[in-house]
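Here is the structure we will look at.
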Amino acid sequence: MKLREIDAYARLPLPIAAAKGNELVLEDGRRVLDLYGGHCVNTLGAGDPGLGRVIAEQWQRLSFATNLLDHAPRKAFLEAFEPTLPPCDDGWSVFVTNSGAEANENALKLALAFTKRHKVVFFKGAFHGRTAAAAAVSDTKLAAFPTTPFDAVKLPWNDIELASKALDSSVGAVILEPYQSLAGVTEPSAEFLATLRRLCDRTGALLIFDEVQTGNGRLGTPWASQHLGVVPDAFTTAKGAAGGLPIGLTVARTKMAAAVPGKLFGSTFGGGPLVLAAAAEVARRIASPGFLENVRATSAALRQAASRGPIERVRGAGLLLGLVVKPELKASVVRDQLLEQGVLVGTSDDPQVLRLSPALTLVPADAARLASALEALEVRA
Ligand SMILES: Cc1ncc(COP(=O)(O)O)c(C=O)c1O
């Protein structure tokens, strides 16, 4: 066959045949504990029966409809999603697309249209996606496009002094991941976030949180803003919001969203009935009794399990954790060794940091498998 895929991914030697809950089933029948969770996508684990039923029933009833028509899953989604949102005097507005990059493009579009400015501040280590505007505010090694669609200013993470100097009334938006996942789950200081909020209030720039990874219950609260105590003007999410179907959500304060022409936004697939039925089910499950408590308890158990063997310290929150390996080790080597022990974890752009982003249905008892795998590595070292 002459057709080949563009070489975007270095694939792991993991011939996957199936997945159930938090386990990958390999072609030879071996089972691997999945602490990567499809990169924050499998909010409810693989093959969740409840979500499967919702998707199957919706497909039978109304599989797709143009955005010119209204349908029950849209109302169901708005009803299920609203109670999860942080406080906002005039309420929130949402626009549905298909991916995190699109969600961020729309948030930036909204911010620049609302402020009528053309400068966006982003941070070293940031990753917001691969489309033009999202790439312009991402700190990636390869230049994605020859020019940026607006003035993009990169600032150091957690540097209050430089942020205070750079943030003036020419800035239309400040975009950040509350925890920078790809950079190695780097944490924001409380003072940094509070300063950004204050500076945005003073200059009129919109504060945008990219919650593509931190959202949908991952930090043990529905959104990072509730965990960190700073509410942005707009936030985005994707990945886990529909538990495995492609989705992007741009959420903005209504007073801002309503001030820009709605016709700036559009999407063929975004907001279709199938994905909204799934997203409504995910939002309901995140709000269901005990769900977020389990995220917090499992986070504590994983932190404890991870604090051994090659791991020097653990950072992050909820079920988005960065495991910093000892200075003489490389995270990618530890990842490969853990895989041999039947545990899948992720790496990051920091060669010293592994990432855990399992399904939110992982339970504290599952952490024991990570502990024994790490101990087995220690024995070999
Ligand atoms: C924080 C963050 N923002 C945006 C994106 C882009 O999302 P997508 O790949 O769905 O476009 C990603 C993807 O990894 C991400 O981690």
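The values are calculated or read from the model by the stated rules, or taken from the named source; none is laboratory data. Note that the structure is a prediction, hence the values are computed from the model and not measured. Counting neighbours? That spans all protein chains shown, and the Cβs are built from the backbone with ideal geometry, glycine included. Heavy atoms of the whole protein, side chains included, go into the accessibility calculation; ligands, DNA and RNA do not. Shrake-Rupley method; radii C 1.70, N 1.55, O 1.52, S 1.80 Å.
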For GLU79 and ASP201, compute 0.36 nm times the residue count separating them, minus their Cα-Cα distance, and round to one decimal in nm.
41.0 nm
Excluding residues fewer than 8 positions from LYS20 in its own chain, the aspartates and glutamates with Cα under 13 Å of it are ASP34, ASP48
To the nearest whole percent, what portion of all C-alpha pairs in the chain is separated by more than 25 angstrom?
56 percent
For a label point 7 Å from the Cα of GLN304 along Cα→C-beta, name the residues of the range 343-375 whose backbone N is under 13 Å from it.
364-369, 371
In debye, nearest 20, what is the charge dipole magnitude of the range 23-86 about its Cα centre with +1 on Lys and Arg Cβ and -1 on Asp and Glu Cβ, if you could check?
160 debye
Counting only heavy atoms of protein chains, what accessible area per residue, in Å², does the range 51-286 have with a probe of 1.4 Å?
42 Å²
For SER225, SER332, give me the order by solvent-accessible area with a 1.4 Å probe, most accessible first, ignoring ligands, DNA and RNA.
SER332, SER225
As straight-line cross-link partners of LYS141, the qualifying aspartates and glutamates (C-alpha separation under 13 Å, not fewer than 8 residues apart within one chain) are ASP349, ASP350
Among the lysines, select those whose C-alpha is under 19 Å from the C-alpha of LYS165, and discard any that sit fewer than 8 residues away in the same chain.
LYS119, LYS124, LYS154
Only Lys, Arg (+1) and Asp, Glu (-1) charged, at Cβ; the range 209-268 dipole about Cα centre in debye:
120 debye
Please list SER93, SER299 from largest to smallest accessible area, probe radius 1.4 Å, with all protein chains kept in place.
SER93, SER299
Round to a whole angstrom and tell me the spacing of the C-alpha centers of the range 127-141 and the range 232-263.
18 Å
With an 8 Å Cα cut-off and a minimum separation of 6 or more residues, compute the relative contact order for the range 1-69 in percent.
20 percent
For the chain, with all protein chains present and a 1.4 Å probe, just round the carbon and sulfur fraction of the accessible area to a whole percent.
57 percent
Fully extended, how many nm does the chain gain between HIS118 and GLU328 (0.36 nm per residue separation, minus their Cα-Cα distance)?
71.2 nm
In deg cm²/dmol, rounded to the nearest 500, the helical mean residue ellipticity at 222 nm of the chain, built from -39500 (n - 2.57) for every DSSP H run of length 4 or more, is -10000 deg cm²/dmol
Could you grab the relative contact order for the chain? Cα pairs under 8 Å, six or more apart, rounded to a whole percent.
23 percent
Using +1 on the beta carbon of Lys and Arg, -1 on that of Asp and Glu, and nothing else charged, what's the dipole of the range 51-286 about the Cα centre, debye to 20?
340 debye
Just round it to a whole percent: the fraction of Cα-Cα distances in the range 209-345 exceeding 24 Å.
46 percent
